[in-house]
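Inspection log for the structure reproduced underneath, given as structure tokens.
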Amino acid sequence: MPDTAHTTMQNGLARTHPVPPRASGETSPQICADGIETIWCDVDDLLGVMTRLRSDPAQNYRMLLDITAIDERTRLNRPHPWAADFTLLYHLFRHEDGREIRVKVPLAMNALIAPTLCGLWSNADWYEREVWDMFGIRFAGHPDLRRMLMPESWVGHPLRKDHYCRATEQGPFVMPDSTAIAEQHALRDIPLLAGMIDAGENDPETMIVNLGPNHPSLHGVLRLVVKLHGEEIIDIIPEIGFHHRGAEKIGERQSWHSFIPYTDRIDYVAGVMNNFPYVMGVEKLAGITVPPRAQMIRIMLAEIFRIISHLVFFGTMVQDVGQLSPVFFVFTDRERALELIEVICGFRMHPSFFRIGGVAADLPQGWDGRIRDFLAYLPKRLDEYEAMVMRNKIFQIRTIGIGEYTAEEALDWGITGPGLRATGVNFDYRKSHPYSGYDQLEFDVPTAQRSDCFNRVQLRLDEMRQSLRIIRQCLEQMPPGPVKAMHPLAMPMPREAVLNDIDSLIPHFLNSTWGAVIPPGEVSSTIEATKGLNTYHLVSDGTTTPYRVRIRTPSFAHLQTIPMMSRGTYLADLIAIIGSIDFVMADVDR
């Protein structure tokens, strides 16, 4: 049975909140602004509840989308009577109908431990390690509960509310030679800590090599510890954290509006696609309705960035396996798309163009002609890439049948986007949960029946063609009207209203100086991003800053599949497998 009380910290004071008694196996619902079913259960019942949701044919939540936590100790607006010092939050997903469910578990400060779910979902491994690293919650039975993003020597858990946020809150950083040597030894000991080195192993054909830490293509800094027997891969340990900037922690110190530019830098080749789930989440919390013209502009820009991201993936993937010419052609086409973004947004890679309640500005004069030119140009180039790369015999040999996995494995590992659709699963979030007006547009969802490196590349080509269809419809169906919501929490307010209406000027002044006060609540906002499902879980405590910002990125889920895809292949195949995943490390480490 749970404790009868728990202690939280408010304004530096310890305060005790009674916990209502409840029976074993009891669950309790919570109403959230996003309408996603949310239930609370005790930690002793967690494994039974999750097993039932995973295995019961009537439930069949086969995908674990995310695991995260919330430090509730300074929260003023308690989300539920069961809430304790910390909340473990599990987000499950059912691909057949797109149904989602959240399971919450209260944990007291003196009992931060829960059972591992690695036996139910393979991808629980990294998510639980991340929660341990960031919050200090242990998972009983986890096979390798080490830090994930921070070094093992790190003191504290960064996403706790009592952990400092800015480096200026600490003294100058100093690393003596002795500390540097100790950290180097710690990195060298990772294969031993992870159980990769077997006691008494003395096979001259078996060796452990480091691939990195380096910056392959445009992925970001990554280290792969690879165990080989000859050239055959026996096991791999991906080591991440080299790119970690603490985006979630930053989100909890910024105002709701000022955090938007930070989102661009998560998947840094996807631009405004990163803005999309964040601003939609805030809009759900605030009850803001976005004008139709702004919604259509968002879709058009997001699909242009989908093409930009896929072009970068295509060129670097092909370069990884040795075909050098296409990358030059691809980056020329990417430049055309970025020039188009610059014409509309004023910036290129990170335009931060979306706003809470709309977009930053209306479309400039002549935008439609530039879009038409791009729509006329790119299809012929995609046909050339099809002939140049996909029909190339060497490329086919390097990719067909390499890094293959089944639909069941994809769901078990939380793979979404093209990686899931390559297994034959016809799922696209734009179809199952059409947001921002996608239901008004016609487009197909490309799939394949064999998720190997070849088909994962082919699907990106097919998706770019569908994005062109969507962009053309946005061009032809662009509605008239405003591009910003007339809502006191939206920013910036339209200039004509601010200059003529005191009721608009005052909220604009307050939002610009202190920040908008978003009503208390919780939402999850998900989009079909360039690499898969991107989800922002936002918690408001009724202040000018988010209480909790959780960023669930597709790259984090996909990168941990490298060992599963690579065992039994050869070292040369590993390069093709890495390229075919389509990840960037900022999207992994955040």
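Search the range 482-498 for residues that are in contact (Cβ under 8 Å) with a residue 12 or more places away in the chain and more than 17 Å from E283 (Cα to Cα) and pair each with any residue that is among the charged types (D, E, K, R) and surrounded by fewer than 16 Cβ atoms within 10 Å (Cβ to Cβ) when their beta-carbon atoms are under 7 Å apart and the residues are at least 6 apart or on different chains.
Every condition considered, no pair remains.
For the range 384-432, which positions are of a type in the set (A, V, I, L, M), out of contact with any strand residue (DSSP E or B) (no Cβ under 7 Å at 6 or more places or on another chain) and under 30 Å from S122 (Cβ atoms)?
Within the range 384-432, I397, I400, I402, A407, I415, L420, V425 meet the criteria.
Would you confirm whether any residue within the range 96-109 is in a strand (DSSP E or B), β-branched (V, I, T) and under 26 Å from S555 (Cβ atoms)?
Within the range 96-109, one or more residues are in a strand (DSSP E or B), β-branched (V, I, T) and under 26 Å from S555 (Cβ atoms).
Can you tell me which residues in the range 378-398 are touching a residue at least 60 places away in the same chain (Cβ under 8 Å) and acidic (D, E)?
The answer is E386, and nothing else.
Results for (1) modelled with pLDDT of 95 or more; (2) more than 21 Å from N534 (Cβ to Cβ); (3) in contact with a Gly (Cβ under 9 Å, 6 or more places away or on another chain), shown as yes or no for each residue.
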| position | (1), (2), (3) |
| --- | --- |
| T87 | no, yes, no |
| I101 | no, no, no |
| R146 | no, yes, no |
| G156 | no, yes, yes |
| D162 | no, yes, yes |
| A167 | no, yes, no |
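Would you call V425 over 25 Å from R298 (Cβ atoms), part of a loop (DSSP other than H, G, I, E, B) and modelled with pLDDT of 90 or more?
Yes.
Could you check, for the range 309-320, whether at least one of its residues is of a type in the set (F, W, Y) and in contact (Cβ under 8 Å) with a residue 60 or more places away in the chain?
Checked against the condition, which is being of a type in the set (F, W, Y) and in contact (Cβ under 8 Å) with a residue 60 or more places away in the chain, the range 309-320 yields at least one hit.
Could you tell me how many of the residues in the range 110-147 are part of a loop (DSSP other than H, G, I, E, B) and under 18 Å from I415 (Cβ atoms)?
6
Identify all residues within the range 414-467 that are over 23 Å from S524 (Cβ atoms) and among the β-branched types (V, I, T); write none if there are none.
T423, T447, V457
Restricting attention to the range 184-195, does a residue exist that is touching a Pro at 6+ places or on another chain (Cβ under 9 Å), in a strand (DSSP E or B) and either surrounded by 12 or more Cβ atoms within 10 Å (Cβ to Cβ) or at pLDDT below 85 (or both)?
no
State whether the residues of the range 500-508 include one that is buried (at least 17 other Cβ atoms within 10 Å of the Cβ), among the hydroxyl-bearing types (S, T, Y) and touching a residue at least 40 places away in the same chain (Cβ under 8 Å).
no
Scan H95, H80 and give me the residue that is more than 17 Å from V549 (Cβ to Cβ), at pLDDT below 90 and within 22 Å of the chain's Cα centre (by Cα).
H95
What's the number of the condition P216 fails, among (1) under 21 Å from the mean Cα position of the chain (by Cα); (2) at pLDDT 90 or above; (3) in a loop (DSSP other than H, G, I, E, B)?
The number of the failed condition is (2).
Is it the case that G521 is within 28 Å of G98 (Cα to Cα), outside the structural domain of I31 (by TED's automatic domain parsing) and surrounded by fewer than 23 Cβ atoms within 10 Å (Cβ to Cβ)?
It is true that G521 is within 28 Å of G98 (Cα to Cα), outside the structural domain of I31 (by TED's automatic domain parsing) and surrounded by fewer than 23 Cβ atoms within 10 Å (Cβ to Cβ).
On the basis of being touching a Leu at 6+ places or on another chain (Cβ under 9 Å), surrounded by fewer than 20 Cβ atoms within 10 Å (Cβ to Cβ) and outside any helix (DSSP H, G or I), does P479 make the cut?
no
Among the listed residues V269, V226, identify the single one that is within 30 Å of C345 (Cα to Cα), crowded, with 21+ Cβ neighbours inside 10 Å and either modelled with pLDDT under 90 or not assigned by TED's automatic domain parsing to the domain that holds V318 (or both).
Testing whether each residue is within 30 Å of C345 (Cα to Cα), crowded, with 21+ Cβ neighbours inside 10 Å and either modelled with pLDDT under 90 or not assigned by TED's automatic domain parsing to the domain that holds V318 (or both) leaves just V269.
Scan R430, R398 and give me the residue that is part of a helix (DSSP H, G or I), of a type in the set (K, R) and farther than 28 Å from A302 by Cβ.
Result of the check over R430, R398: R398.
Need pairs with beta-carbon distance below 9 Å; first residue within 18 Å of D368 (Cβ to Cβ) and at pLDDT 90 or above and within the range 327-340, second part of a helix (DSSP H, G or I) and of a type in the set (K, R); sequence gap 6+ or separate chains.
Matching pairs, first to second residue: E339/R370; L340/R370.
Need a quick list: strands (runs of 3 or more DSSP E) entirely within the range 21-78 having at least 3 residues that are without any contact (Cβ under 8 Å) to a residue 60 or more places away in the chain.
Fully inside the range 21-78 and qualifying: 27-30.
State yes or no: is S512 within 30 Å of the chain's Cα centre (by Cα) and under 30 Å from E408 (Cα atoms)?
The answer is no for S512.
Can you confirm whether the range 439-458 contains a residue that is assigned to a helix (DSSP H, G or I) and without any contact (Cβ under 8 Å) to a residue 24 or more places away in the chain?
yes
The values are calculated or read from the model by the stated rules, or taken from the named source; none is laboratory data. The model shown is predicted, which means the values in this text are computed figures rather than measured ones. Backbone-built Cβ (ideal geometry, glycine too); neighbour counts: all protein chains shown.
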